[in-house]
């Protein structure tokens with residue numbers, strides 16, 4: 001009984017887990033290229049409760065290594081590879097929850113660069 005209750009209580013946090021906040025460098029650079037052409041993006045986390053699409057004007061974009069912590073100059077490394085984050089207006093973004101304008105539609109950024117996010121719509125209505 002307690003185990004079932006724990007799973008139910010944790011379900012919302014599992015559903016809103018990060019998907020593409022940490023990326024391999026080639027994926028981060030493909031995302032960066034798409035964002036460099038964008039004047040604005042839409043943030044929308046479908047698995048997050050009570051999330052509504054939010055428009056943001058793009059002023060600057062970039063990529064950076066994921067660091068082990070703020071107190072060290074060592075990049076995070078899981079033993080196999082280093083990870084990179086994509087930034088929009090100096091804030092890291094999860095490419096699974098960012099939409100860019102393509103052919104008149106808001107298209108999921110992660111999907112547009114060949115990644116496979118889960119539980120998010122491919123496009124949003126304009």
Residues that are closer than 20 Å to residue 125 by Cβ, at pLDDT 95 or above and in contact with a helix residue (DSSP H, G or I) (Cβ under 8 Å, 6 or more places away or on another chain), at least 3 per element: which strands (runs of 3 or more DSSP E) completely within region 22-110 meet that?
98-102
Residue under evaluation residue 116, criteria (1) at pLDDT below 90; (2) exposed (fewer than 13 other Cβ atoms within 10 Å of the Cβ), criterion not met
(1)
Only unsatisfied item for residue 11, checking (1) at pLDDT below 95; (2) assigned to a loop (DSSP other than H, G, I, E, B), is (2)
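The values are calculated or read from the model by the stated rules, or taken from the named source; none is laboratory data. Please read these numbers as outputs of a predicted model, since none were measured by experiment. For neighbour counting, all protein chains shown are included, and Cβ atoms are generated from backbone atoms with ideal geometry for every residue, glycine included.
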